[in-house]
Amino acid sequence: MHVLDTGAGQNHELTLVCVHGNPTWSYLWRNFLAQAPSNIRVIALDHLGMGYSERLDSERVLDQRVDDLTRLIRALKITTPIMSLAHDWGGPISLGWVENEIASADHKITGVILLNTAVHQPTEFKNPAVIRLARARGLLAPITEYTQGFVFGTRVLSGSKMSRDVAAGFRAPYRTRELRKAIHGFVADIPFEVNHVSRATLDQIALNLNLLSQTPVLMCWGPNDPVFSDIYLRDLKSRIPHAEVHRYEGASHLVSEDAPGLVSDVFSWIESPRGPHVDSPNEIDNSLVDFGAQMMEQAIIRPNVVGLTAMNEHRSVTWRELHSQTEFSMRYLSEKGVTAGDRVAFLVPPGPLLIPLIYATWNLGAAVVLADSGLGLRGMFRALRGAHIDHVVGVPRAWPLMRSLQIPGARISTKELGKAGERGKANVVVDGTSKHEFPSKDLGAVVFTSGSTGPAKGVQYSRGHIARTVAALQSQYSIESHDVIIAAFAPWAVFGPALGIASVLPNMNPGKPSSLTYRALNESVVRAGGTLLWASPAALTNVIDTVPEHENADWSGIRLILSAGAPVPKSLLKRLAELIPSASIRTPYGMTEALPLSEISLAEILSSDEDHGVLVGRGLPGVDIKIAPWSDPDHLTTDPEVMGEIVVRAPHMKNSYNNLAFTERTSSQFLGWHRTGDVGHLDAGGSLWIEGRKSHVITTQMGVVTPVPVEQRVESLDFVRQAACVGVGPKEASAVVIVYIESDQGRELSQLRREDRVREVAGAPIAAILRVRSLPTDIRHNAKLNREEISRWANKKLAGSA
């Protein structure tokens, strides 16, 4: 056998054994060999007949290859603890060897790492099309042995643009038919058939995975793999529930080629692997949670009072009807196979159909998966695929997306649900006796970040965390049963029944917050009696921009306005206060991972003179806020005027990210805390100021520049409607560029004078100033600037290529 070995040394504390699949060879592990820390020995083998190992006269099958690996490890006389790293068909081979080792009394196995592999074919899904084609009658030998077809597939199976040199490296040992015979043998040895010679061996390997129950396991996955898709990851995770999983969005079969950070991620995991029984540090509540209790109470106390209004559907639903629809939906979902612990995704617009479905799912003990339309069609597909949902419920127009998802459970159309509902709801009785209590630590929801700084991340909330979020909102804003929330950001309508208050969905496009108009909001206030308003800055801006001339509506019923999702400009808050003087205006700070965390009133904002960011106030009761200094990011401080990443701790904070082990490790570097990815500082009074996203901080030759303070100063000029501060050029020595949208004012100034004024107020060295008609923002809030896209455009513009 041909083996690449960094060599046995006295300083080695661990040996990493790398096992390739088909049709690769030890070249697959070249970056692991090159980047190995000095205390880790890396061994990468070529299977017999593969790579530069000896060619054999006969084909080898799975149990023989497990034996080959076992004999090789014994021959190498490894004295250190061992971890295995395997890909593709190397997965079952390495697992067979590992299981045999663990079954012995004095094994050295301390960890297992798997990349896009499988040990079992789930019966509800077909075998991979690529392999079915290669195994088709008359095609196996021509594709795998007679020609380089299967070998050339290596490049095709890379999600990145593999260079010619790298592709040539993968093909190097397989130039002739004689050198490719084992490739043929490997494909032939895939046990599709029940009576296949390797079927019993593979089944035993799958069965013996319980032997890894005390062994740390990591799975790194390329979700775009046409061979080992997410269905195989799900199967492996079900067999090794304690395994840590990281899906590299955009990566394919050769995940180690497609994900540049994978090698360093794996070595960081090797340094501190996590074994089984690692729970969320802030999920210590063992109580039971019943999300439907408030809805049922309202259905008894106020049965004929409206609990939900959808203005775009011209429809109102009473508390009794809301409860009846929920109870019926619960029975219907149960009949379709939804049970406690399942994940149920919804492709249903916010409204009288979706909200009962969500509470029905919770009442069954299942978890809700919500990927809103603000992610876009491709983003929704990626999000739902990565969430490993069991069932999906959708409106008829969502059927193509529903069919594209590989799920083990039911695909439920709201059309058939509606037909059944016409017959079934009449039998629902509200008697106040039904309880739907489930443990606080059970998964309650998977929701997604906006995707404004990369692929949307799935955020997992336990039932307890959701309950504590509801409690935080109720306590902080003194919410009572007579309140009515106007949810201009639709997901917040979901909290209405849990809070015991009515919800109103304004007549707007829920996927486009900036579509909220003055007239639509006025309708929600007047007809539905709204007292609370939750809206993004983009929604409020359009409301003010669409106020008819000489209009003087009475909105005195609105007592509280909450605006979040992006920094809220002072100018917007001032105009809002003039429009609705009776309302208390608050701008809570938070994110998908935890909200609310802090808040501040309009009066406090207007009384602050600083232009060092967006003031978002002090932490709410039970919330701690600290700073990881930019110059010393591994420590936390509450010292004033220290800029760095904002780190928070709250009882209603997320459990973890979904299938993003390394993102979660970074986020929870400080145990029990969450690194937000936002940068800012605390002032002398303990209030928090936001200065931008960590990924948007600009490193110049003169120091670090955070974007938001610069943008605020530039936007204070009357001829600037909106501004973006971005970096161009080398990452560690960038130049600062201002890209702005012109307002209708200040036209008397020359362009040169305007640029002078921008430089005068910016407070940072400005290399260039560019005017545009619009700036790209996130889809969900229509408010967060996409500074990465703006920076790429500015780079091209200044280089003369845009």
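The values are calculated or read from the model by the stated rules, or taken from the named source; none is laboratory data. No experiment lies behind these values; they were computed from the predicted model shown. A quick note on method: Cβ atoms are made from the backbone with ideal geometry, for glycine too, and the neighbour counts reach across all protein chains shown. We work out accessible area using only protein heavy atoms, side chains counted, and drop any ligands, DNA or RNA first. Shrake-Rupley method; radii C 1.70, N 1.55, O 1.52, S 1.80 Å.
Looking at (1) in contact with a Leu (Cβ under 9 Å, 6 or more places away or on another chain); (2) surrounded by 23 or more Cβ atoms within 10 Å (Cβ to Cβ), find the lone condition where THR339 falls short.
Every condition holds for THR339 apart from (2).
Does region 474-527 hold any residues that are basic (Lys, Arg), in contact (Cβ under 8 Å) with a residue 40 or more places away in the chain and under 17 Å from ILE544 (Cα atoms), and which are they?
Filtering region 474-527 down to residues basic (Lys, Arg) leaves 512, 519, 527.
Okay, now just the ones that are also in contact (Cβ under 8 Å) with a residue 40 or more places away in the chain, so 512, 527.
Once the filter is applied, which keeps residues that are basic (Lys, Arg), in contact (Cβ under 8 Å) with a residue 40 or more places away in the chain and under 17 Å from ILE544 (Cα atoms), region 474-527 yields only LYS512.
Show me the helices (runs of 4 or more DSSP H) found entirely inside region 9-127 where at least 3 residues are farther than 25 Å from SER264 by Cβ and open to solvent by 20 Å² or more (accessible area, probe 1.4 Å). Don't jump to the end; show me each part of the working.
Values: elements: 30-35, 62-76, 90-103.
Counting at least 3 such residues, we get 62-76, 90-103.
What number of residues within region 136-147 satisfy the criterion of being open to solvent by 50 Å² or more (accessible area, probe 1.4 Å) and in contact (Cβ under 8 Å) with a residue 24 or more places away in the chain? Let's see the steps before the verdict.
Initial filter on region 136-147 (open to solvent by 50 Å² or more (accessible area, probe 1.4 Å)): 137-139, 146-147.
Now narrow it down to the ones that are in contact (Cβ under 8 Å) with a residue 24 or more places away in the chain: 146.
The qualifying residues number 1.
Can you tell me which residues in region 630-645 are touching a residue at least 40 places away in the same chain (Cβ under 8 Å) and over 27 Å from the mean Cα position of the chain (by Cα)?
THR638, ASP639, PRO640, GLU641, VAL642 - these are the residues of region 630-645 that are touching a residue at least 40 places away in the same chain (Cβ under 8 Å) and over 27 Å from the mean Cα position of the chain (by Cα).
Of the residues that sit in region 725-743 and are hydroxyl-bearing (Ser, Thr, Tyr) and either surrounded by fewer than 18 Cβ atoms within 10 Å (Cβ to Cβ) or touching a Gly at 6+ places or on another chain (Cβ under 6 Å) (or both), which one is nearest to THR706 (Cα to Cα)? Spell out the reasoning first.
First, pick out the residues of region 725-743 that are hydroxyl-bearing (Ser, Thr, Tyr): 734, 740, 743.
Next cut, either surrounded by fewer than 18 Cβ atoms within 10 Å (Cβ to Cβ) or touching a Gly at 6+ places or on another chain (Cβ under 6 Å) (or both) only: 734, 743.
Details: SER734: 12, SER743: 24 Å.
Taking the candidates together, the pick is SER734.
Can you pull out every residue in region 152-186 that is small (Gly, Ala, Ser), over 16 Å from HIS20 (Cα atoms) and within 30 Å of the chain's Cα centre (by Cα)?
GLY159, SER160, SER163
For LEU179, are the conditions met, namely being modelled with pLDDT of 95 or more, open to solvent by 10 Å² or more (accessible area, probe 1.4 Å) and closer than 22 Å to THR24 by Cβ? Reasoning before the result, please.
On the way: modelled with pLDDT of 95 or more: yes; open to solvent by 10 Å² or more (accessible area, probe 1.4 Å): yes; closer than 22 Å to THR24 by Cβ: yes.
Considered against the rule, which asks whether it is modelled with pLDDT of 95 or more, open to solvent by 10 Å² or more (accessible area, probe 1.4 Å) and closer than 22 Å to THR24 by Cβ, LEU179 comes out as yes.
Hey, among the residues in region 371-381 that are in a helix (DSSP H, G or I) and surrounded by 23 or more Cβ atoms within 10 Å (Cβ to Cβ), which one's farthest from the chain's Cα centre (by Cα)?
Narrowing region 371-381 to residues in a helix (DSSP H, G or I): 373-381.
Filter once more, keeping what is surrounded by 23 or more Cβ atoms within 10 Å (Cβ to Cβ): 374-375.
Values: GLY374: 14, LEU375: 11 Å.
Going through the qualifying residues, I end up with GLY374.
Only one of (1) among the β-branched types (Val, Ile, Thr); (2) assigned by TED's automatic domain parsing to the domain that holds GLU610; (3) surrounded by fewer than 20 Cβ atoms within 10 Å (Cβ to Cβ) fails for VAL679. Which number is that?
(3)
Check whether at least one residue in region 409-432 is modelled with pLDDT under 85 and of a type in the set (S, T, N, Q), and report yes or no. Before the answer, list the steps.
Keep residues of region 409-432 that are modelled with pLDDT under 85, which gives 418-432.
Narrowing the set further to residues that are of a type in the set (S, T, N, Q) leaves 427.
Yes, some residue in region 409-432 is modelled with pLDDT under 85 and of a type in the set (S, T, N, Q).
Count, please, the residues in region 617-655 that happen to be open to solvent by 70 Å² or more (accessible area, probe 1.4 Å) and touching a Phe, Trp or Tyr at 6+ places or on another chain (Cβ under 7 Å).
Number of matching residues: 1.
Regarding ALA603, is this residue assigned to a helix (DSSP H, G or I), loosely packed, with under 14 Cβ neighbours inside 10 Å and out of contact with any Phe, Trp or Tyr (no Cβ under 8 Å at 6 or more places or on another chain)? Break it down into steps so the answer makes sense when it comes.
On the way: assigned to a helix (DSSP H, G or I): yes; loosely packed, with under 14 Cβ neighbours inside 10 Å: yes; out of contact with any Phe, Trp or Tyr (no Cβ under 8 Å at 6 or more places or on another chain): yes.
It is true that ALA603 is assigned to a helix (DSSP H, G or I), loosely packed, with under 14 Cβ neighbours inside 10 Å and out of contact with any Phe, Trp or Tyr (no Cβ under 8 Å at 6 or more places or on another chain).
State all residues of region 310-336 that are of a type in the set (S, T, N, Q) and within 17 Å of GLN298 (Cα to Cα); if no residue qualifies, say none.
Those that are of a type in the set (S, T, N, Q) and within 17 Å of GLN298 (Cα to Cα): SER316, THR318, SER324, GLN325, THR326.
Given the structure, is SER478 part of a loop (DSSP other than H, G, I, E, B) and on the phi > 0 side of the Ramachandran plot?
Details: part of a loop (DSSP other than H, G, I, E, B): yes; on the phi > 0 side of the Ramachandran plot: yes.
Judged against the criteria, SER478 is a match.
Among the numbered criteria (1) β-branched (Val, Ile, Thr); (2) closer than 24 Å to SER536 by Cβ; (3) open to solvent by 60 Å² or more (accessible area, probe 1.4 Å), which single criterion is violated by THR666?
Checking THR666 against (1) β-branched (Val, Ile, Thr); (2) closer than 24 Å to SER536 by Cβ; (3) open to solvent by 60 Å² or more (accessible area, probe 1.4 Å), the one that fails is (2).
In this structure, does PRO621 turn out to be more than 25 Å from the chain's Cα centre (by Cα) and closer than 19 Å to SER667 by Cβ? Reasoning before the result, please.
Working: more than 25 Å from the chain's Cα centre (by Cα): yes; closer than 19 Å to SER667 by Cβ: no.
For PRO621, the condition - more than 25 Å from the chain's Cα centre (by Cα) and closer than 19 Å to SER667 by Cβ - is not met.
What number of residues within region 552-565 satisfy the criterion of being touching a strand residue (DSSP E or B) at 6+ places or on another chain (Cβ under 8 Å) and open to solvent by less than 60 Å² (accessible area, probe 1.4 Å)? First the steps, then the outcome.
Applying the first criterion (touching a strand residue (DSSP E or B) at 6+ places or on another chain (Cβ under 8 Å)) to region 552-565 yields 558-564.
Okay, now just the ones that are also open to solvent by less than 60 Å² (accessible area, probe 1.4 Å), so 558, 560-564.
Of the residues in region 552-565, 6 are touching a strand residue (DSSP E or B) at 6+ places or on another chain (Cβ under 8 Å) and open to solvent by less than 60 Å² (accessible area, probe 1.4 Å).
Suppose we filter SER229, SER252, SER238, SER198 for residues that are under 30 Å from ILE40 (Cβ atoms) and either open to solvent by 30 Å² or more (accessible area, probe 1.4 Å) or assigned by TED's automatic domain parsing to the domain that holds HIS87 (or both); which single one remains? Talk me through it step by step, then tell me what you get.
Working: SER229 fails: under 30 Å from ILE40 (Cβ atoms); SER238 fails: under 30 Å from ILE40 (Cβ atoms); SER198 fails: under 30 Å from ILE40 (Cβ atoms).
Within the list SER229, SER252, SER238, SER198, the selection yields SER252.
Within the set of pairs 6+ apart or on separate chains, which have a first residue in region 177-198 that is under 17 Å from PRO128 (Cα atoms) and assigned to a loop (DSSP other than H, G, I, E, B), a second that is open to solvent by 30 Å² or more (accessible area, probe 1.4 Å) and acidic (Asp, Glu), and C-beta atoms under 7 Å apart?
Close Cβ pairs satisfying both conditions: none exist.
Out of curiosity, is LEU775 modelled with pLDDT under 95 and touching a Leu at 6+ places or on another chain (Cβ under 8 Å)? Even if it seems obvious, please write down each step before you answer.
Details: modelled with pLDDT under 95: yes; touching a Leu at 6+ places or on another chain (Cβ under 8 Å): yes.
So LEU775 passes the test.
Here is a yes/no grid of residues against (1) over 20 Å from the mean Cα position of the chain (by Cα); (2) at pLDDT below 95; (3) more than 30 Å from LEU357 (Cα to Cα):
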site: TYR248; (1), (2), (3): no, no, yes
site: VAL255; (1), (2), (3): no, no, yes
site: LEU262; (1), (2), (3): no, no, yes
site: ILE270; (1), (2), (3): yes, no, yes
site: ARG274; (1), (2), (3): yes, yes, yes
site: SER280; (1), (2), (3): no, yes, no
site: MET296; (1), (2), (3): yes, yes, no
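Just checking, how many residues over region 756-802 are under 14 Å from GLU711 (Cα atoms) and acidic (Asp, Glu)?
1
Counting only residues that are surrounded by fewer than 24 Cβ atoms within 10 Å (Cβ to Cβ) and assigned to a strand (DSSP E or B), how many does region 499-514 have?
Number satisfying all stated conditions: 0.
Residues of region 432-469 being assigned to a loop (DSSP other than H, G, I, E, B), under 14 Å from ASN363 (Cβ atoms) and not hydroxyl-bearing (Ser, Thr, Tyr), which ones?
Kept after step one, since they are assigned to a loop (DSSP other than H, G, I, E, B), are these residues of region 432-469: 432-437, 440-442, 449-457.
When the remaining residues are screened for being under 14 Å from ASN363 (Cβ atoms), the result is 433-437, 442.
Within region 432-469, LYS435, HIS436, GLU437, ASP442 qualify.
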